[in-house]
Structures are given as C-alpha cells and as structure tokens.
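*Asks:* After the structure tokens below, expect a handful of questions from me.
The values are calculated or read from the model by the stated rules, or taken from the named source; none is laboratory data. From a predicted model like this one, the values you see are computed outputs, not experimental measurements. Note: ideal-geometry Cβ built from the backbone for every residue, glycine included; neighbour counts use all protein chains shown. Just so you know, the surface numbers come from the protein's heavy atoms only, side chains and all, with ligands and any DNA or RNA stripped out. Shrake-Rupley method; radii C 1.70, N 1.55, O 1.52, S 1.80 Å.
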Amino acid sequence: KRGNGILNAGMLSYETSSIPISIAITSHHFVMLYETNELRFINRVAKKTIQKEYVDWVAVTHSAGVTVPIDDGLFSGHSELIMDVRRPDQAWLRKSRSLIHISSTREDRDVWKYSLEACLKGATPHGLYSTPHASLRRLNDDKHMDAEFEHAKLLCTNHVQKAVVTAARAEFHMSHGRVELGAKYLAQCPPSLVPFAETAVRLALPCLGVEDKRHKRESRLAHEALKNSNLGLIAYLSDKIRTAKARNDSVACTMIGAWLVELYLHEREHGKVLGMQTDDGEQKLQNIKGSHNVMQQFLSSNAYNMDAKTILRILCSHNVAASECSLYATSAGDIGTAVNAAMCNSDYMAGTLDALKILADAPMEQAEPFYYKHAFAFLCRAPMATAKGFIGRLRDGLHATKLLPTFMRYEKKRSQATKRDATLVATSSRDIGEIHIAESDVARDSVELRIAESEKSHAFVNDARASITFMEGAISLGCKSTAIFNYLVSLYTELEDESPLYHFLSKHVSASTAIPGLKPRHDTPLDLPFALRKVLQSGRHFRSVIKLYMGLGLRQRAVELAIKVDPTLAKELAMESIESEEKKRLWLMIAKGAAEDDLSEGEDVVSKVLSVLRECGPDILSIEDILPFLPDVAQIDLFKNEICQALTSYSSKIGDYLKDMTECDQTCNGLREEIRRLDDYTTKMDTDAKCVFTEKRIVDEKEPFYVFPSGYIALESALKKEVFPYLNKTQQEHMQSLERELEELRSRMTKSLTNESEGKSGEDSDDAAYRLEALQSELDGLIAAECPLTGSIMIESIDRQFCDSKEDEIYIASGSLILEA
C-alpha cells in the first residue's frame, strides 16, 4: 500500500490443491510454506514456482548437535514464516523453539529474464495478473512498452543481459511495423549478437523486392514497412555512422555515409519522407522538400567524416542541383568545388550570389585564389553584388590592384555590349544565330512562334556603377595605389555628370603653390598629369580641369580656363594667389576677359571692367592698368571717380617718395663723414712700449708689430704663435700658404732690386708691391682681426692652465703634483 491505494493488485493461482499456511514476500519472490513442511519459491514476475525445498526438522536439530525425543513436544505446533521490514530480502522459518534462516545471495539473477518474457507476452511484470484485452492494449501502447523494456533493462547486471533486452526490444518494434525504432535499437546491439552485414541485408532486401530466406518468419507489418521505404535502413545506418564517428573510424564513416547518401537520394526521388508516401502532387512536393532538408542536415553534420570527392561523385550521378553540391562542398571545406558547383546553377544571379557567400564565409587564405580566378565571371553575372563582396574582403587581405585587370576587362566588355545594344536598337535587327523558339502553337491556318532570349544575353549584366563602387570602396578603406586612383578618374571621365569627378578631385587634390625654381609637391597617389590628359581628351568636365591645373601649380592656366567656364571661379583663384606680381597678372587677365566678352558692348564693357577693378582692390590694379581694355570711345563720367582716386594716390606717393629721398641724402652725408674720419684715424705709442707676449721693446726689434685699439702691442711673430692654435684647420693651412707666398715674393723683389742696380732687367716692381700688400692685408686679417687679450681668443683660452716657468710646465706635462708644507 502507498497512501490510500493499492498498486499492482491481482490474483495468484495455486499450483496444488493444498493451501499454504504461511507466506513471505521478498523483492522478487513469494515464499510459501505448506503443512507438509514444503517451501515453494514463486517468482513474482513469471508467476511460477522456480524452486521447492522440504524442511526436515529432525535433521535440522541433529545437525545443530541437539538430541530431542520425538515425544518431547518440540516438533509439535504449526510452522510460520517471519520477516523484518528492515530486511525485505531476508526470511526466517520458525516452529516452536526452532528458527531457520532463509536467504539468497543472488535473488535477482533471473528476474530480468522473466521481466522480459512477461513484457513480450503483454503482461505487466509489476502486476500479478492481466486479462487478454489488457495485454493487447499494452502491446499497442508504445509508451507503456518502452517503460517495461526500460524496467527489464534496469534489472540487468551486465552488458550481455542488456544487449539481449535491447535485441528483444528491437525485434518487438520490428514485429509491430515500427521499423525505424526497431532499426535504432538494432544498431545499439553488439555485432556479436546482431551482425552488421546480416542486419543491413535484412533491412535492405525487402525494398529491393528480394526475398530474404534467412528471415522468413518476419511479421507482415515489418515486411510491408521495409518494402515501402528504406527509412528503417537509414535509421540503422545513421546510428552506425554516429558510432563510427565516436571512435574516429573514417573508413566506416565514408562507406556508411556514401550508402546513406544513396538512400536519401532514392527516398527523395520517390517523394518519401519520415515514412510517408502519397500520390498527391502537393504533398509529394512537400515530402521532397523535407527529404532535401534531412539530407542537407546529414551532409552538413558529417562533412568532415566522409570523403568529399566520393560524396560529390554520388551527388552528381543523381543529377543533384548545383546549389546542393555547393552546400556540401562548403561544409566539407572544399571551397573550389563549392564555388564551381554554385556557378553551374542555371540561375546565373542566384549561383553567383551563392558563390560569393561561400567565399565570404570561408577563411581568407583559402578563398583568396578563387576570388581572383572567378572575378570576371562574378562581375559579368552580378556586378554590383560582386563589387560589394570584394570591398567586404579588402580588410581581410584581398588586393585591389590584383582585381584591377578584371574590372578593366569588364569595362571593355561592357562598352562593347553598350555599342552592340545601340546598334541593335538603331537597326531593329536580330542575330539569327541567337534566336531560340520558346513555344509554338499550330493553328488551322498559321503557326505561332514565341521567340525567347538567348541565355547568353542573361549571362552578362551591364552595370556602369559596379566598377566605380569598388574603386571608391577600396580608396575609402585606405588603398594608395596610383593605378586605382587613375582608373577611377578614367571611369568618372566617361560619365555625363561631372559632380562625382569634381568631388573626388576636391577631396584628393589640393591647390599647389608653385615656388620659382622648384617642382610642385603633390601629396596624393593620383597621377595628376595623367588625370589632366584624360579629362582634356574627353572635351568636357572643365571645372575638373581647373582643379587639376591648380593641383599642378598652374594657376595661370587655371584662371585662363575659368574665365571661359566660370568667371566667378577665376576671380576666386586670382584672389588666392600669394605673389603680388602673379596676382596682378591674373586680375589683368580677368579684366581683359571681361572686356573681350562677345555679349557685352559699349557701356556694358566699361561697367564689367570697372567691376573687376573694384573687386580686386586698389592695391592690385589701378585705372591706368585697365585703360587699354576700355573701348576707344567711352564716356569719362563712367570712371571719373576712379581717375580722381588714382591721381590722389599718385600725389600721395610722390610726397612719400620725396620724403624718402631726403632721408637717403641725410644718410649718405653721415656715411661720407664717417669714412672721412676713418681715413684720418691715428694712434699713439710710447717709445718704451713692450710686446705683450715677449716683453721685448718694440723699437729694439726689427720686425713688424700690431697696435690694437685696446692699447696692447704685439710683435708679428709672437702674435702668430699666440693666434695660430685658435684657428681652424682651413685657416691654419691658409695662413701657412700666405707666409710661404710672402716669403717667395719678398725674395723675388730683393733679387729684382739687385738686378736693377746692376743694370739688368727685372720684374715689374709695382705689380709685385701691389701683390705683396694684398697678401699682407690678408694675413693681417687672419692674425690681427681682433685683440687676442680682449677678444674671442681670450674667451676660448679660459680652460688653459697658467705656466709661469719651465719647471711648472715639466710638472704639468708629467701629470705629477708636489705639495709643499
């Protein structure tokens, strides 16, 4: 009892006419005691006696070492079975004062077997009795039977017993026509009990129409289910391939996987899915779609466990759609095959989009070669989607320059297609070789034909924006290739609208200010001379030409063109000039252009020229600059104010010039006075003056000497010795060369004087004297440019040591230090 209910109630029939006098219940058995001292053990599941025992009380007492007389009364009375609720697997038999322990160490060893037998017979092993109708209901109740089989499996103590239960369970479901469920349990059985080859043949032969002689006793339901479809075999093989995957058996996975693909394709071709088969066309189409999804799921989940080439060969042999092959090839990692399969799709646009998606999802190192290989085919079929797909992979390492030849080829073909279409429209004719008859309808008196477009006409899509979109995207992502920039300009040039080209040049071309003698510097990857030639060849887009002129530093050329295209732009360019001469020249060009305007006559010309004069300002142009551009006959009243302003400006300038001249005269007079004073400069020296370096009297020494404004006097030889260390290497070499040249020149002059005294002809003494004076002046500039004791030489000598005697010099040279107490 549990609560207020009774579970598994029933009636147990007696096997004999005698009635038990005592009953004990264990976990799996009924223990019954009869008056004849007989014990019977009845299995609760099988409901039959599995063991009988007779209890001899006399033998029991003797075995215990006790001798009891028969008439003692020890063996009188009734026997009974005793149990303890705390030990439900133990029982005791008592009679009078005797007690026998009844137990079993493996009471449940055969319970699983009896439970399985009861389950197969339709009786519940949990209950005691079951009516025939109740048994039939249980056999048809899948959930109940599964629960019973699970209960029997739980009673098993080893893998062999569990395998037997699973095999029996599989056969039970097979016999009731549930072949998929039965095949699933057959796959779980070990090969020793259910061999793979035998089981696979058993499940496959009925559908092939071959009689299996080894399984003649197959139930009618199982035979019909196996004959109608291969779903049982598919379920069996699916579980087997899952087991092979778990143990990394690639050979078994490939073999079973190839078989499964064949079976899936066979089921799909016959419109079967999930065990359903119908003659209704719509239902059959839904079944085909369901089979397609199941197969694709199988291929995707087992892509890396099967041989991709084998599976693709099977798919192609069944004329499977290219999109399905591409999906599997993608899952298997065969990017090349996937792309090729997608490109074989009869719907060019859909196939191209699938191929682009495959490449977009693949790693870049695998997808990159196929981008370059199929780029032209992609562009011809789906140009805009291809351009966007390429842009999306540029950051991953796709090279825009490697794709550039493909875009150039596409543009060439696109231009040819455009010309061909224009020719077809003009002539309203068709190429007979490209005409295809779509349908025909034969009437009584006539034949009606509908001409379809050639497939080739749909294989190419003419999109003028695709290449431009890719080039713009590549540049926006940081591409600095000159080829990309130049080709984008070429594409812009072919457009009727100038706005894209002008905006592009405004962003990437900056106005360059040309410096005389230097080449203008361009901070853009765009080849400006090439772009200029390309735009000029088009004969249009002149605002862009002006932008390129400015980028090249040709402001004058830009203004010349702007005067014809947009005078306002010409004025802006002239105003931006930073050189006064150039600015004046540009404004004169603008004024001349305004005067030469064909639409203006008489007063209009004067007003336009004066307008230019007012816009540039009086600092750039004046009335006399534009007078040559005015008509020969014009009323002076129109520009009287400008003439008056010019005369006033001239008067002011003349006054400023006179003032400047007066200041210049005063400055010149001051300079002349300074020069005169320097010519009369004298200095005084004492007769006992001594050389600052040698302390020798100057008058006693017969050599040149130098008197500095600071008052110090130095002999030439001593000054040379003092200054020489502070000269750089070049000055020292120059000083030595001057001394040598002076010495040679003096010796030649002495020799020349000697020759003249002897009446011989000698060198020109005036030239020699002039040369001597020049060399001496140059030498004086090196050694006597400043006083050595008050000039820069004194500052440079601050780190020199003082040496008062030869002894100090010796100690300093030796690096020794003498300390006197």
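*Asks:* Quick one: net charge around residue 500, please, counting Lys, Arg +1 and Asp, Glu -1 for every other residue with C-beta under 15 Å from its C-beta. Show your work: numbers first, answer last.
*Replies:* Details: positive: 465, 507, 534, 540, 543, 547; negative: 472, 494, 496, 497, 498.
Net charge around residue 500: +1.
*Asks:* How do 652, 79 rank by accessible surface area computed with a 1.4 Å probe, from largest to smallest?
*Replies:* Numbers: 652 65, 79 10 Å².
Accessible-area ranking of 652, 79, largest first: 652, 79.
*Asks:* Something else now. Using a/c under 1.5 as the rounded threshold, could you call the range 340-400 rounded, prolate or oblate? The axes a ≥ b ≥ c are square roots of the C-alpha gyration tensor eigenvalues, and prolate needs a/b larger than b/c, oblate otherwise.
*Replies:* Values: a/c = 1.96, a/b = 1.52, b/c = 1.29.
Since a/c reaches 1.5 and a/b is larger than b/c, the shape of the range 340-400 is classed as prolate.
*Asks:* Continuing with the same structure: At a 1.4 Å probe radius, which order do 542, 196 fall into by accessible area, largest first?
*Replies:* Working: 542 90, 196 60 Å².
Listed by decreasing accessible area, they come as 542, 196.
*Asks:* For residue 307 and residue 117, FRET efficiency with R0 = 51 Å and r from the beta-carbon atoms, rounded to 0.05? Don't jump to the answer; show the numbers that get you there.
*Replies:* Details: r = 46 Å, r/R0 = 0.90.
After rounding, the FRET efficiency stands at 0.65.
*Asks:* Let me ask something else. For residue 298, tell me the accessible area in Å² from a 1.4 Å probe, rounded to the nearest 10.
*Replies:* Here the residue's solvent-accessible area equals roughly 20 Å².
*Asks:* Given a 1.4 Å probe and every protein chain left where it sits, what share in percent of the accessible area of the range 188-252 is carbon and sulfur?
*Replies:* Values: 2030 of 3780 Å².
Within the range 188-252, the accessible surface is 54 percent carbon and sulfur.
*Asks:* Moving to a separate point now. Give the peptides 769-776, 381-388, 726-733 in descending order of average Cβ contacts within 10 Å, highest first.
*Replies:* On the way: 769-776: 13.1, 381-388: 22.0, 726-733: 11.6.
Highest mean packing first, the order is 381-388, 769-776, 726-733.
*Asks:* Sorted by mean Cβ packing within 10 Å, highest first, what order do the peptides 736-744, 223-231 take? Write out the running numbers ahead of the final one.
*Replies:* Numbers: 736-744: 12.7, 223-231: 19.6.
Order by mean packing, descending: 223-231, 736-744.
*Asks:* Further question: Can you sort 712, 348, 706 by solvent-accessible area, 1.4 Å probe, largest first?
*Replies:* Working: 712 95, 348 60, 706 30 Å².
Heavy-atom accessible area, descending, gives 712, 348, 706.
*Asks:* Okay, moving on. Which of rounded, prolate, oblate describes the range 155-243, given a ≥ b ≥ c as roots of the alpha-carbon gyration tensor eigenvalues and a/c under 1.5 marking rounded, otherwise prolate only if a/b is larger than b/c? It would help to have the intermediate numbers written out before the result.
*Replies:* Numbers: a/c = 1.87, a/b = 1.59, b/c = 1.17.
Prolate is the answer for the range 155-243, as a/c is 1.5 or above and a/b outweighs b/c.
*Asks:* Let me ask something else. Which of rounded, prolate, oblate describes the range 654-736, given a ≥ b ≥ c as roots of the alpha-carbon gyration tensor eigenvalues and a/c under 1.5 marking rounded, otherwise prolate only if a/b is larger than b/c?
*Replies:* Working: a/c = 4.92, a/b = 2.06, b/c = 2.39.
Since a/c reaches 1.5 but b/c is at least a/b, the shape of the range 654-736 is classed as oblate.
*Asks:* Round to the nearest 10 and report in Å² the accessible area of residue 589, as given by a 1.4 Å probe over the protein chains' heavy atoms.
*Replies:* Result for residue 589: roughly 40 Å² accessible.
*Asks:* Also, I was wondering about something else. If you count only protein heavy atoms with a 1.4 Å probe, what accessible area per residue comes out for the range 344-396, rounded to a whole Å²? Please list the in-between numbers first.
*Replies:* Values: 2430 Å² over 53 residues.
About 46 Å² of surface per residue is accessible.
*Asks:* For the pairs 702/729; 143/240; 153/184; 113/184, flag any whose C-alpha to C-alpha distance is greater than 19 Å.
*Replies:* Values: 702/729 30 Å; 143/240 25 Å; 153/184 16 Å; 113/184 22 Å.
Violating the 19 Å Cα-Cα cut-off are 702/729; 143/240; 113/184.
*Asks:* Heavy atoms of the protein only, probe of 1.4 Å, neighbouring chains included. What is the accessible area of residue 799 in Å², nearest 10?
*Replies:* 120
*Asks:* I've got another one for you. Could you calculate the FRET efficiency of residue 748 with residue 797 from 1/(1 + (r/R0)^6), where r is the beta carbon distance between them and R0 is 41 Å, rounded to 0.05?
*Replies:* Details: r = 38 Å, r/R0 = 0.92.
Efficiency at R0 = 41 Å is approximately 0.65.
*Asks:* Using mean Cβ contacts within 10 Å as the protection proxy, how do 544-552, 580-588 order, highest first?
*Replies:* Working: 544-552: 23.9, 580-588: 17.6.
Those peptides, ordered most packed to least, come out 544-552, 580-588.
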